[in-house]
């Protein structure tokens, strides 16, 4: 019951925060992009959380824990939050003042990418029982090299980049996309820091890194 209560509170607070960051700068509730993003973000999140609560409560508990142990990772998480707040606020202001306009087909395509990123998240969580929101190595952790982990070493981060870059386009703001763009570099810094830890503390990770050469994007990086 404590886990369920914690999950529901975080879901509610998250939804209210996103709504405030979008509707207050926009100065109106008639913001279709905002309603669309809130639905795409929190409906699948609720479904996924429910499945985890029933089938894998320990994994859900890990996903709810966002307290980083490494100082460098805490800084990256903080900067990510700043990007998130700035990007949503700018999107709301863009809606209010009409700075930019995104074609409908771009919005539709971005919605599809967003749902694909959620599907990737779900698949990664199905494959990796050690998955956590924080960078850590737990006792008994083993290398996962099947499925998506056989293609790239950090499929979850690929999904998060896809999600973050599709959100401003769903909201209909090119300026918001510029705000979200630095997230790519934060994820790159997080991966480099995480791999140092994995090489040091996770047996077999060096061999896995030789087998799977690319971090998040095949043939590129």
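The values are calculated or read from the model by the stated rules, or taken from the named source; none is laboratory data. These figures come from a predicted structure and were not determined experimentally. Every residue, glycine as well, gets a Cβ built from its backbone with ideal geometry; the counts of neighbours run over all protein chains shown.
Here are a few things to note about the model shown:
- Failed criterion for residue 35 (all others in (1) in a helix (DSSP H, G or I); (2) modelled with pLDDT under 95 hold): (2)
- In this structure, residue 182 qualifies as farther than 16 Å from residue 142 by Cα, touching a residue at least 40 places away in the same chain (Cβ under 8 Å) and within 16 Å of the chain's Cα centre (by Cα).
- Restricting segment 15-32 to residues that are outside any helix (DSSP H, G or I) and in contact (Cβ under 8 Å) with a residue 12 or more places away in the chain, the residue that is surrounded by the fewest Cβ atoms within 10 Å (Cβ to Cβ): 28
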